[in-house]
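Take a look at the structure set out below.
Read the figures in this text as sums done on the coordinates, not as results from a lab. Predicted model only: the values in this text are computed from it and were never measured. Counting neighbours? That spans all protein chains shown, and the Cβs are built from the backbone with ideal geometry, glycine included.
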Amino acid sequence: LEMRLKRQAVLTTLGRRHLWDPGESPAAYELGSPEGVQSLIADDILRADPVSGEVTFVHDILEDWTLCQVLNLERHRLPQVLADAGQPLWLVEPVQLLAQWWLEREATPDSWRNLLDTLSGEGLDRRWSRAVLSASLQSTRGLELLSRVEPLLVEDDARRLGELMVYLRTVEVAPNPI
């Protein structure tokens, strides 16, 4: 358990650093626990540059999941976090993962609805509400999650379903090559 906590602390620190300074890769010694860093490197989650000592993720999905965890820690001020970060495109997938994760672990889709409402607020780009709205479709458990949010999609004259359909037509439909 102690090593798990060290690893989690390293990942959280790295995720926070990436959120606030995405162009910079911290050195291993800046991440707290040397044992946690070494364990993550040994498990091929992180890599360290042998010359500079800078630590990066081995794969972008690991980075996205870590950012999802950081956003979850910041859930009570998520709109402000996104705005302060400049609403970058590279946070769309972590936001979508957050929405999927909340749908998968909660008995009801209430937290998903709250996230959707929160990220539909004034001053935020629509990409955030679209990421939440389409989260169920991007999951490997898509049918199950879609059935959970169905009642929310069809309320208010199916307003959210209409938004989802517009998103799908815009993003997920391949143009006819002819």
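List the residue ranges in the chain for DSSP H helices whose C-alpha atoms run 15 angstrom or more along the long axis and whose Kyte-Doolittle average is -1.0 or above.
2-20, 60-73, 92-105, 142-167
Here are a few candidate values for P(r) over Cα pairs in 10 Å bins from 0, in percent: (i) 8, 26, 25, 21, 15, 5, 0; (ii) 9, 34, 30, 19, 7, 1; (iii) 7, 20, 31, 23, 11, 6, 1, 0. Which one was actually calculated from the structure I just gave you?
Label (ii) holds the value from this structure.
May I ask you to list the GluC sites (Glu not before Pro) in region 113-170 that are in a DSSP loop and have at most 16 other Cβ atoms within 10 Å of their Cβ?
The qualifying sites are Glu122.
Provide the packing ranking of 48-54, 129-135, 74-80, i.e. peptides ordered by the mean count of other C-beta atoms within 10 Å per residue, highest first. Write out the running numbers ahead of the final one.
Values: 48-54: 11.3, 129-135: 23.9, 74-80: 13.4.
Sorting 48-54, 129-135, 74-80 by mean packing, highest first, produces 129-135, 74-80, 48-54.
Under a point spin-label approximation (7 Å from Cα along Cα-to-Cβ), what is the Ala27-Arg126 distance to one decimal in nm?
Result for the modelled spin labels: 4.7 nm.
If one computes the Cα centroid of region 35-69 and of region 122-178, what distance in Å separates the two points?
Region 35-69 and region 122-178 have Cα centres spaced 32 Å from each other.
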